[in-house]
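Below is one structure, written out as structure tokens, with a few remarks after it.
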Amino acid sequence: KTHVGTDRPPLRGLAQIEKQTEPPSMSKTTKRAAKDPVSTKTPFDVSFLAISHPLRRQILEWLKDPLLYFPDQEYGHDLGVCAGQITQRCGLPQSTMSNHLAVLKKARFLDLQIVGPAHFLRRNEEEIERFKACVANYLLP
């Protein structure tokens, strides 16, 4: 069967094209790596990916001075900032914020302390300094 007036095959629908371009079956590990690009990266890559998004950089900035950016937190600031306060400040869905915070935690830029149902986050200054030194090592002469 050919396209009218040509030797070309008939045009296919989008569903047929998508079926044709599906990758071969993958192992569970490969599928997980495809969904989570962080899982196959070096620690430096994970850290770099964590700061690649402007919102994650903004969160790190806010956590530098929690009293300024989260003054009304009812739990005080000794444990860090409640994840709910960060989510509220961003105005994004909780699931979206959870993903961003997970990337920062995976890069070890945030420390997590759980007290009852509350999750408290604070900057891990030691890890941030280590990353700054790595960047300087890569970029400076």
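The values are calculated or read from the model by the stated rules, or taken from the named source; none is laboratory data. Being a predicted model, the structure only gives us computed values, none of them experimental. Using ideal geometry, Cβ is built from the backbone for each residue, glycine included, and neighbour counts are taken over all protein chains shown. Protein only, heavy atoms only, side chains kept; ligands, DNA and RNA dropped before computing areas. Shrake-Rupley method; radii C 1.70, N 1.55, O 1.52, S 1.80 Å.
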Residue pairs meeting the criteria (Cβ under 6 Å; at least 6 apart or on separate chains; first closer than 15 Å to ARG56 by Cα, in segment 119-141; second among the β-branched types (Val, Ile, Thr)): LEU121/VAL81
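Please list, ordered by residue number, the helices (runs of 4 or more DSSP H) wholly in segment 33-141 having 1 or more residues that are open to solvent by 60 Å² or more (accessible area, probe 1.4 Å), of a type in the set (Lys, Arg) and at pLDDT 90 or above.
Numbers: elements: 43-51, 54-64, 66-69, 83-90, 94-106, 125-139.
Fully inside segment 33-141 and qualifying: 54-64, 83-90, 94-106, 125-139.
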Criterion violated by GLY116 - all others in (1) within 22 Å of the chain's Cα centre (by Cα); (2) over 14 Å from SER47 (Cβ atoms); (3) of a type outside the set (Val, Ile, Thr) satisfied: (1)
Output for segment 83-112, where each listed residue is touching a residue at least 60 places away in the same chain (Cβ under 8 Å) and not basic (Lys, Arg): VAL103, ALA107, PHE109
